[in-house]
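Each value in this text was obtained by applying a stated rule to the coordinates, not by laboratory testing. From a predicted model like this one, the values you see are computed outputs, not experimental measurements. Glycine gets a Cβ as well: all are built from the backbone with ideal geometry, and neighbour counts include every protein chain shown.
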2 protein chains.
Amino acid sequence: MFEEICPSTLLPLRVGGDKWAGLVLRCLEDGPRRYSELRVPLARVSPKMLTQSLRALERDGFVRRTEYAAPVRRVMYELTDLGRSLLEPLRAFCDWAEDHWDELLDARES
Amino acid sequence: MFEEICPSTLLPLRVGGDKWAGLVLRCLEDGPRRYSELRVPLARVSPKMLTQSLRALERDGFVRRTEYAAPVRRVMYELTDLGRSLLEPLRAFCDWAEDHWDELLDARES
DNA sequence: CACCACGGTATCCAATCGGTAACCACGCCC
DNA sequence: GGGCGTGGTTACCGATTGGATACCGTGGTG
């Protein structure tokens, strides 16, 4: 997931000045995820960077972090309304990238 | 221009991995501009960075650079069709940022 | 000839980014 | 009580970014 398909590879798009924030947001679009669940699709992201991105997203109000102590330790990350609203322009970008994939590749080659 | 208004200040959005590329594109949306004309609205961007952004945008096919030798040396930068098409999602982001300005500020404060 | 505008380059340097790897506290479960 | 899973943190370090500043070649122009 996200190896080749995302615009980040061909047209690096950074939201919040953070290399991975955009991908994290997209990983959360289908509902809350735990830290370890996020690590699966974002295998290329080091734990340090994932934490850093999540903290930044939390600080800026895009993501809500909820900690449950029992029965097992669980931490849930989910989009806030603000975060969900950001998905719209983000998807616009991704759609654009898909539509212009060939042109991007052509331009890059020459 | 672009001092406080652009999302780059509050929600850094980098297109092409480049800090200023987004602003450069927006400066070109109303037609061709010369290097020195771009320097005016982008006063905060050092010449080095501006050149770097323009070169990257040219390499990726978003901007066309045309050089005229006579009568005075002039270099025009203008958007290609690809570049113009990128303005759409870019504007979506800017509109989003304007709409959620207050929420962004609120989240940042707390 | 001297000077100026234009469109950049060159150099230096500090700060940031991001990857690797190791470590850690807590609680459960065998 | 020893190991494991969870959700991280810490230290270290090289690479990249980007800001400031000075400089430069070319071609008009007075």
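Structural remarks
- Relative contact order (%) - chain B, alpha-carbon pairs under 8 angstrom, separation at least six: 27 percent
- Along its three principal directions, the equivalent ellipsoid of the protein assembly as shown from the Cα gyration tensor extends over semi-axes of 36, 19, 13 Å, largest first.
- Equivalent-ellipsoid semi-axes of chain A, from the Cα gyration tensor, Å, largest first: 28, 14, 11
- A cut-off of 5 Å between modelled amide H atoms, ignoring neighbours fewer than 5 places along the same chain, links A:Arg34 with A:Tyr77.
- Distances from A:Ala43 to itself in the other copies, using label points 7 Å out along the Cα-Cβ axis, amount to 5.2 nm in increasing order.
- Ellipticity estimate at 222 nm from DSSP helix runs (n ≥ 4, -39,500 (n - 2.57)) divided over the protein assembly as shown, nearest 500: -15000 deg cm²/dmol
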